[in-house]
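Scroll down for the structure; my scribbles are underneath it.
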């Protein structure tokens, strides 16, 4: 399993944030969601597979970025202890 970062911007007013968040949380239990519109998930899926799943909840003017992370290939500042602890253990 590897960590994959999911970041999105939904641009249309009244966007379906709830539907997209629910899909991510149900598909990737135990996901990290400590920043608004950003998840990190542990999965065997490729970034392209994750993108293809999430596209069903996006409009044509929305933006989505899915990136595979390398172990300890990150740095942070100002995160809460639970958020930082999750990253140290999983990403």
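FYI, it's all coordinate maths here, none of it is from the lab. Just so we're clear, the structure is a prediction, and the values are computed from it rather than from any experiment. Please note: Cβ atoms are built from the backbone with ideal geometry, for glycine as well, and neighbour counts cover all protein chains shown.
Applying a threshold of 8 Å to beta carbon distances and a minimum spacing of six or more residues, or different chains, the list of pairs starting in the stretch 38-55 at a residue that is in a loop (DSSP other than H, G, I, E, B) and ending at one that is crowded, with 17+ Cβ neighbours inside 10 Å reads 45/4.
Of the residues examined, residue 35 is one that is touching a helix residue (DSSP H, G or I) at 6+ places or on another chain (Cβ under 9 Å) and closer than 17 Å to residue 79 by Cα. So, in the stretch 59-81, of the ones that are touching a residue at least 40 places away in the same chain (Cβ under 8 Å) and either within 14 Å of the chain's Cα centre (by Cα) or not in a loop (DSSP other than H, G, I, E, B) (or both), which residue ends up nearest to residue 27 (Cα to Cα)? Ranking the candidates gives 66 first.
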